[in-house]
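The values are calculated or read from the model by the stated rules, or taken from the named source; none is laboratory data. Computed from a predicted structure; not experimentally measured. Methodologically, a virtual Cβ is constructed for each residue, glycine included, from the backbone with ideal geometry; neighbour enumeration extends over all protein chains shown. Note: accessible area is taken over every heavy atom of the protein model, side chains too, but ligands, DNA and RNA are not part of it. Shrake-Rupley method; radii C 1.70, N 1.55, O 1.52, S 1.80 Å.
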Amino acid sequence: MVNFSLEGKVALVTGASYGIGFAIATAFAEAGARIAFNDIRQELVDKGLASYREKGIDAKGYVCDVTKEDQVQALVAAVEKDLGPINILVNNAGIIKRIPMTEMKAEEFRQVIDVDLNAPFIVSKAVIPSMIKNGGGKIINICSMMSELGRETVSAYAAAKGGLKMLTRNIASEYGEYNIQCNGIGPGYIATPQTAPLRERQKDGSRHPFDAFIVAKTPAARWGTTDDLKGPAVFLASSASDFVNGHVLYVDGGILAYIGKQPQ
Ligand code: NAP
Ligand code: GCO
């Protein structure tokens, strides 16, 4: 029988007080995993812990800025002390800055690259040695439509997520022989705080133009929800995907397959 269980596994999901990371961690817990998550600020970690407790999940929360290598090494050591070796890592923490490229400061570009690309490198590098020692593991990088497509104002984010797709393939290439599978999930447009500005009602009560645009570009004719990501994440975290490596699984309602609805 195909095994989607995560019983006995320890999962670290970065930036998982809420949003996509929280949903993925919740799905992992429902599949039997022990959950560790981090956020930048204690009050967010506390908020996350309360949310997990509401779902009956005894998660462990840690304050850690994933761009800081010393904090990440301390995070991994603390998780391994509290829960045991990390079997599953989800590099979920991420930011976006929507600024026209010619108006974006170099420092703003660097900040996005730091969180969305450098941090997955730092956290994966901190976790891989113990995965090797323990006979293998699963790394899931949260990529994006912008791993494949560009659009106005998201140059830094697209560069980071495009790089994250290739980091995913390189970790798969370099560590596949140690039974480490590294894959990506490419969510489409998902209703979370990160995309809230793209969905907010206009002053006249009408829908945000981008909201209507995305629904027209999506064959499923809707925004995704964080629940849509749960099954794909459990699949990539479980032994059901042991021969899937270096793949980015797009969970996008079909956006990447579709030229878009003809304007009426
Ligand atoms: P979100 O609601 O903005 O949550 C992002 C999380 O990452 C927050 O908990 C945030 O904590 C945390 N974070 C940011 N910088 C961090 C750092 N330096 N160290 C530790 N934690 C940090 O975003 P989301 O929509 O859930 O997205 C999660 C991931 O999915 C991101 O990588 C995003 O790029 C990706 N994604 C999102 C969509 C979408 O449509 N929503 C689609 C494709 C991909 P704070 O609150 O403290 O900042
Ligand atoms: C944007 C959105 C997207 C989504 C996601 C799509 O401004 O275009 O924020 O980038 O967050 O990454 O997959």
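The table that follows gives values for the structure above.
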quantity: Verdict on Gly231 being open to solvent by 30 Å² or more (accessible area, probe 1.4 Å) and more than 20 Å from Asn3 (Cα to Cα); calculated: no
quantity: Given (1) in contact with a Gly (Cβ under 9 Å, 6 or more places away or on another chain); (2) within 12 Å of ligand 1 (Cβ to nearest atom); (3) not charged (D, E, K, R), index of the condition Ile180 fails; calculated: (2)
quantity: The lone exception for Ala233 - which of (1) in contact with a strand residue (DSSP E or B) (Cβ under 9 Å, 6 or more places away or on another chain); (2) of a type in the set (Gly, Ala, Ser); (3) within 12 Å of ligand 2 (Cβ to nearest atom) it fails; calculated: (3)
quantity: Extreme residue, nearest to Ser130 (Cα to Cα), among residues of region 6-44 that are more than 9 Å from ligand 1 (Cβ to nearest atom) and touching a Ser or Thr at 6+ places or on another chain (Cβ under 7 Å); calculated: Leu6
quantity: Qualifying positions in region 126-135 - closer than 16 Å to Ala11 by Cα, part of a helix (DSSP H, G or I) and open to solvent by 20 Å² or more (accessible area, probe 1.4 Å); calculated: Ala126, Pro129, Ile132
quantity: Subset of region 172-187 (residues that are in contact (Cβ under 8 Å) with a residue 60 or more places away in the chain and either crowded, with 18+ Cβ neighbours inside 10 Å or within 16 Å of ligand 2 (Cβ to nearest atom) (or both)); calculated: Ala172, Gln181, Cys182, Asn183, Gly184, Ile185, Gly186, Pro187
quantity: Count of residues meeting criterion [away from ligand 1 (no atom under 13 Å from the Cβ), at pLDDT 95 or above and in a loop (DSSP other than H, G, I, E, B)] in region 183-229; calculated: 1
quantity: Pairs, first over 12 Å from Gly188 (Cα atoms) in region 214-232, second modelled with pLDDT of 95 or more and away from ligand 2 (no atom under 14 Å from the Cβ), C-beta under 7 Å, six or more apart; calculated: Asp227/Ala23; Lys230/Ala23; Lys230/Ile24; Lys230/Ala27
